[in-house]
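Below: the structure, in structure tokens.
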Amino acid sequence: MNSLISLENVSKFYKRGIEEVHALDGVTLDIAEGDLIAICGPSGSGKTTLLNIAGCMDHASKGVVRIRGEEVERGGERRLAEIRQSMIGFVFQQFFLIPTLTVEENVELPLLFSHHKANPSRTADLLERVGLSHRRHHLPGQLSGGEMQRVAVARSLINEPKVILADEPTGNLDSRNSAAVVELFETLNRAGIAIVLVTHNPDLAARCRKVVHLEDGKVVG
Amino acid sequence: MKILTLAFNNIRRTPMRALLTAASVLIAAATLSVVLALDRGYARAVKRELVDKTGVHLYITKENCPIEAASVVAQGGLSPLYVEQSLVAVSESTEGIAAVLPFQLFAETTSDGTRTDIFMGVTDAIRRVRPDWVIEKGGWFENEDSVILGAQIAQIELAKVGDRLYSEKLDKEFKVTGILRKSYSQDDGMIFLPLATAQRLVKREGRLSAIAVKLTDVSRMQEVTTRLRGRISQDYSVIGAKELSEGVLGFFAATRMIMFVMVGVAFGVSVFGIVNTMLMVVMERRREIAYLKCVGARRADVLRLITMETLLICVVGGLGGILAGMFITPLAGSMLRGTLVGYVPAGSIAAPSAGVALFSLLVAVGTGVLCALYPAWKAASIVPMEVLRNE
Ligand SMILES: Nc1ncnc2c1ncn2[C@@H]1O[C@H](COP(=O)(O)OP(=O)(O)OP(=O)(O)O)[C@@H](O)[C@H]1O
Ligand SMILES: [Mg+2]
């Protein structure tokens, strides 16, 4: 299968006073087209750090990150932004919706920065897919947590990414809403989009084809 | 959707704060447009009245400082320095000079103290030197007690041709023989009388305040000035009407300075207001800016957004300011007229114009851009992961 993102021996260090924290310590991971991967591990084990480096939101201290074979570590901020826009969709635990924009506008927001033209039928189609067509003119404050996360998923899809990186997407949701979001990811995955989820939820992890366990910044199985 | 929409939405979240900030810009822009209008208006009125309208090209005075000379010629100040009447003949015989008007000016405050009348003693050369000086009703002086009134003073005094006017200060009765056509110049407020009478009233027989000279060809001004200087004593000065108006503007310099300091203070205050507001905006919205970066916004996008928000506020404030300026300018004009110490032109000294409005708006917008720089740079430098980790 075609590799989308590959991490080779990636480490990330943070200085905290005189002490050095190894948030990631020699992680090797390959994300291929159509993958459905769960990343599990205790708090502070480096899950978010891993996802951010894989998503070109952050630089590795050591090791190599390749996007479709292209080494990104040397690319400037501009190139990283380009890669993010063209390949990667992000979903965050706190949704990150802009409170002054309607559901529809939030979904189209990434287009503003990738300088693509908004296509109303595409936006409508995405909202349909996440089951929120009837909410398109509402503001985020008027939605439930699950609905907000579905808006965030629709937003992550607007630039037609190859892979979605989701950091605890159900962390703020109750079980019913979680199930809806997970089902949504599964549907997207069946349509060919690779999904990487960070989760604490063992049931959710069990539904993924591949599970990566992190502990103290290392992959442990 | 556009960045503008985002900026506009953001401003609407704290409308009161945006309004107050815009108000400070409004005050600054209004001050600037009023001051500019007055400054230009005054200079233009002075130039129009002393240079363009009068037809006088040169003055012969005893003063060589144009500011002093201006106070004599334009204000009717009775200077201890004077011009000998014998110079009139010398000037008249100088080649290139079309007409020569000797005059004696003096000012007299009315006995109730409310008004200062300027009297100008003239000969009938005034009709040749000053084409704008036209008798509308009545005619030329009939005897030494005759006066011709400027249009405005005639209106104030409700005087008609043939009326008698009594001046308590001068203890003299005059007969009105003529009333001038309104010229929107200082003439409108003047009282003209025969030169000899004026000289007698101020006890300066044979002496003049100055001599006004009209040239046959203005383009030969330099040449004629030199020739004239050669023919009269070194004690006298030959001053162009233009230098004279510049002298008058010299009086205005202090007022002008104060006005521009006011503008500076107004802009200084609004700069602090804008920078403060925008820094607050950036602090409050760190998370949201981080979100924007997470969904693909780059430094330039964030810079644009914050600059746009600042500009929206400044454009609204600036537009309001020039609008307010248009209303305030005429009021400020009449206020300034009351406080001016120098020459007060009869015409309007407030000249609002599209140029002034546009310039004020540009300054307001430029200030906005400058004020946006630091907050926008701060916003653009937000590292999303740092902000979001610390929630
Ligand atoms: N910017 C930073 N500066 C210092 N230390 C950091 C920074 N970011 C992460 N760390 C540290 O790196 C380690 C891994 O953090 P990370 O956020 O990746 O953990 P996580 O697995 O996502 O945890 P959680 O499940 O609580 O979200 C932690 O010990 C954290 O304190
Ligand atoms: Mg985390």
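In whole Å, what are the Cα extents of chain B along the three principal axes, biggest one first?
Sorted from largest, the Cα extents of chain B read 98, 47, 33 Å.
Among the trypsin sites (Lys or Arg not before Pro) within segment B:147-208, which fall in a DSSP loop and have no more than 12 other Cβ atoms within 10 Å of their own Cβ?
Qualifying residues, ordered by number: B:LYS160, B:LYS169, B:LYS203.
What's the longest uninterrupted piece of chain A once you rule out the GluC sites (Glu not before Pro) that are loop residues per DSSP with at most 15 other Cβ within 10 Å?
Within chain A, the longest run free of exposed GluC sites (Glu not before Pro) spans A:74-221.
Could you order B:MET283, A:MET87, A:MET148 so the one with the most accessible surface comes first? Probe is 1.4 Å.
Ranking B:MET283, A:MET87, A:MET148 by accessible area, largest first, yields B:MET283, A:MET148, A:MET87.
Considering protein heavy atoms only and a 1.4 Å probe radius, which residues within segment B:1-37 exhibit an accessible-area decrease of no less than 40 Å² in the full assembly relative to the chain by itself?
Residues meeting the cut-off: B:MET1, B:LEU6, B:ASN9.
If you take the accessible area of B alone, add that of A alone, and subtract the area of the pair, what total do you get in Å², probe 1.4 Å, to the nearest 100?
Roughly 2200 Å² of accessible surface disappears when B and A pair.
Dividing the Cα convex hull volume of segment A:23-83 by residue count, how many Å³ per residue is that?
For segment A:23-83, the hull spanned by Cα atoms encloses 92 Å³ per residue.
Please report the projected area of chain A's Cα convex hull averaged over all directions, in nm².
Hull-based average projected area comes out at 12.4 nm².
Summing -39500 (n - 2.57) over the DSSP H runs of n ≥ 4 in chain B and dividing by its residue number, what mean residue ellipticity at 222 nm do you reach, to the nearest 500 deg cm²/dmol?
My calculation for chain B gives -18500 deg cm²/dmol from helical runs alone.
Averaging over every viewing direction, what projected area does the convex hull of the Cα atoms of segment A:53-124 cover, in nm²?
6.2
With a cap of 14 neighbouring Cβ atoms within 10 Å, and only residues DSSP puts in a loop, list the chymotrypsin sites (Phe, Trp or Tyr not before Pro) found in segment B:129-214.
Hits after loop and neighbour filter: B:TRP140.
For segment B:63-235, what is one quarter of the convex hull surface built on the Cα atoms, given in nm²?
In nm², the orientation-averaged hull projection of segment B:63-235 is 10.2.
In bins 10 Å wide, starting from 0, what share of all Cα pairs of segment A:147-207 does each bin hold, as a percent?
Whole-percent P(r) values from 0 Å outward: 21, 62, 17, 0.
Which of the residues in segment B:359-391 lose at least 30 Å² of accessible area when you go from the chain alone to all protein chains together (probe 1.4 Å)?
B:MET385, B:GLU391
Could you provide, to the nearest whole Å², the per residue accessible area of the protein assembly as shown with probe 1.4 Å?
Counting only protein heavy atoms, the per-residue value for the protein assembly as shown is 45 Å².
Just need the relative contact order of chain B here, percent rounded to a whole number, with Cα pairs under 8 Å and 6+ apart.
31
For segment B:184-269, what ratio Rg/Rh do Cα atoms give with a Kirkwood hydrodynamic radius?
Answer for segment B:184-269: 1.14.
Kirkwood hydrodynamic radius (Cα pairs, Å) of segment B:148-237?
With all distinct Cα pairs of segment B:148-237 included, I get 16.0 Å.
If you roll a 1.4 Å probe over chain B with all protein chains in place, what percent of the accessible area is carbon or sulfur?
Solvent-exposed carbon and sulfur of chain B make up 61 percent of the total.
To the nearest 10 degrees, how steeply does helix B:221-231 sit against the main Cα axis of chain B, on a 0 to 90 scale?
For B:221-231 against chain B, the angle is about 40 degrees.
With only alpha-carbon atoms in the gyration tensor, what are the semi-axes of the equivalent ellipsoid for the protein assembly as shown, in Å, largest first?
Result for the protein assembly as shown: semi-axes of 87, 23, 18 Å.
Among the GluC sites (Glu not before Pro) in segment B:175-255, which ones are in a DSSP loop with at most 11 other Cβ atoms within 10 Å of the Cβ? Mind listing them?
Qualifying residues, ordered by number: B:GLU205.
The values are calculated or read from the model by the stated rules, or taken from the named source; none is laboratory data. Source: prediction; values computed, not measured. Cβ coordinates were reconstructed from backbone atoms using ideal geometry, including for glycine residues, and neighbour counts include every protein chain displayed. Note: accessible area is taken over every heavy atom of the protein model, side chains too, but ligands, DNA and RNA are not part of it. Shrake-Rupley method; radii C 1.70, N 1.55, O 1.52, S 1.80 Å.
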